[in-house]
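The structure appears below as structure tokens.
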Amino acid sequence: MSLESVRADLAIRAPELSLILTEDSTATVEEAAQVHGVVPDQIAKTLGVRLGSGEDARIVLVVMAGTKRLDNRKAREALGAKPRFLNGEEVLAETSHPPGGVCPFGLPSPIPVYCDISLQAFDMVIPAAGSLNASVMLSPAHLADLTGAEWVQVAQD
């Protein structure tokens, strides 16, 4: 149902966008880049992150260029707490999307979204769309606007 939640969300908020469904898997950055014929950094990967611990912990999504890695120091400074990655079960529970299909669209409840400035190097980026073979292509600015994302610098140099 994750793909359907993305389809329904985008139909309402961005009807000009078309889902790209492929025969081949786009579950990894490398697979997605090959299928779409783009450089790996144009794949906008979405990371599920827990900030802080205990009752004060909060879940956020960080969208960044495909080959970039989260810099813990930068993330702590920009996001206000030490980041810890969610495991696969937690990602599925929080987003309704399976690992490899995680995106900031069609979420069961609002989750804060942060876009890393690494995405701004491209005119178009391709995030997943709720399944292991679905994507959408849009500008980084449109991605941030649709998700209400805040721009941050959290990728390693």
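The values are calculated or read from the model by the stated rules, or taken from the named source; none is laboratory data. The shown structure was predicted, so the numbers you read here are calculated from the model rather than taken from an experiment. Positions of Cβ are backbone-derived with ideal geometry, glycine not excepted, and every protein chain shown enters the neighbour counts. Side chains are part of the model used for accessible areas, which takes the heavy atoms of the whole protein and leaves out ligands, DNA and RNA. Shrake-Rupley method; radii C 1.70, N 1.55, O 1.52, S 1.80 Å.
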Inset, instruction - State whether the chain is rounded, prolate or oblate according to the following rule on the C-alpha gyration tensor (a ≥ b ≥ c being the square roots of its eigenvalues): a/c under 1.5 gives rounded; otherwise a/b larger than b/c gives prolate, and the remaining case gives oblate. - result: prolate
Legend entry - Value of [θ]222 nm, deg cm²/dmol, for the chain, DSSP H segments ≥ 4, -39500 (n - 2.57) each, nearest 500: -8000 deg cm²/dmol
Inset, instruction - Just report the Cα centroid separation between region 123-145 and region 20-39, whole Å. - result: 12 Å
Inset, instruction - Read phi for every residue in region 41-58 and hand back ³J(HN,Hα) as whole Hz from Karplus 6.51 cos²θ - 1.76 cosθ + 1.60, θ = phi - 60°, with x for Gly and Pro. - result: 5, 6, 7, 8, 7, 10, 9, x, 10, 9, 9, x, 9, x, 5, 8, 5, 9
Inset, instruction - Mind checking which of Ala75, Met124, Ala11 is farthest towards the positive end of the chain's charge dipole, using Cβ charges of +1 (Lys, Arg) and -1 (Asp, Glu) about the Cα centre? - result: Ala75
Inset, instruction - Normalising by the residue count of the chain, find the relative contact order in percent from Cα pairs under 8 Å and 6+ residues apart. - result: 31 percent
Inset, instruction - Once you have a ≥ b ≥ c as the square roots of the Cα gyration tensor eigenvalues for region 51-119, tell me rounded if a/c is under 1.5, and otherwise prolate or oblate according to whether a/b is larger than b/c. - result: oblate
Inset, instruction - Let me know the shape class of region 65-157, please: from the alpha-carbon gyration tensor, a ≥ b ≥ c as square roots of the eigenvalues, rounded when a/c is under 1.5, otherwise prolate if a/b is greater than b/c, or oblate. - result: oblate
Inset, instruction - With the full set of protein chains in place, find how many percent of the accessible area of the chain is carbon and sulfur; take the probe as 1.4 Å. - result: 50 percent
Legend entry - Beta bridges by DSSP in the chain, antiparallel share as percent, to the nearest 5: 70 percent
Legend entry - Accessible area per residue in Å² at 1.4 Å probe, computed on the chain: 50 Å²
Inset, instruction - Quick one: which residues, 5+ away or cross-chain, put their amide H under 5 Å from the amide H of Leu86? H built at 1.01 Å from N. - result: Gly48, Val49, Arg50
Legend entry - Gain on full stretching of the segment that runs from Gln153 to Arg76 - 0.36 nm per residue minus C-alpha separation: 26.6 nm
Inset, instruction - Could you go through region 73-80 in sequence order and give the Karplus-derived ³J(HN,Hα) for each residue, using 6.51 cos²θ - 1.76 cosθ + 1.60 with θ = phi - 60°, rounded to whole Hz, and x for Gly and Pro? - result: 5, 4, 5, 4, 5, 6, 9, x
